[in-house]
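Scroll down for the structure; my scribbles are underneath it.
Just so it is clear, none of the values below were taken in a lab; they were calculated from the coordinates. Note that the coordinates shown come from a computational prediction; the quantities given were computed from them, not determined experimentally.
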Amino acid sequence: MKAHIVEWNFFFFFVVLLGYHFLLEDKPNRFIAVMAFTAVVFRSEVVALMGPIVLFELATRRMNFTRGFVTGVVAGFLSIGLCIRHFLN
């Protein structure tokens, strides 16, 4: 059972690194989409990790609030839909 948890934590780590890749490539909307997916599917504490980064991006005007908000909401609902579909099948 413990090995199963390690596998999910490793996959979670990979997705977070993918999000940081998008942030470093100056693609903040992709960063938000990947991190929203990670927060919904894997771990909610990603929001605490993502919060200061998003605030910094907004303060430096590298990201538009409206577009970032819409991206986060759409990614969140798609993630919830994928989780529900997975568990219902």
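Mind pulling the angle between the C-alpha long axis of helix 28-41 and the longest principal axis of the chain? Nearest 10 degrees, somewhere in 0 to 90.
Computed tilt is about 30 degrees.
Before rounding to the nearest 500, sum -39500 (n - 2.57) across all DSSP H runs of length at least 4 in the chain and divide by the residue total; then give [θ] at 222 nm in deg cm²/dmol.
Helix-only estimate at 222 nm: -28500 deg cm²/dmol.
Which one, 51, 76, 19, has the greatest fluctuation when you compute a Gaussian network model over the chain with C-alpha springs under 10 angstrom?
51
Say we join alpha carbon atoms closer than 10 Å with springs in a Gaussian network model of the chain; which of 43, 61, 30 then has the biggest fluctuation?
Looking only at 43, 61, 30, the largest GNM fluctuation is found for 61.
Compute a Gaussian network model of the chain, connecting alpha carbons closer than 10 Å, and tell me which residue from 42, 22, 56 fluctuates the most.
Among 42, 22, 56, the largest GNM mean-square fluctuation belongs to 56.
Which label belongs to the value computed from this structure, given these candidates for Rg and Dmax of the Cα atoms in Å: [x] 13.8, 45; [y] 16.1, 67; [z] 15.7, 57?
Only one option fits the structure, namely [x].
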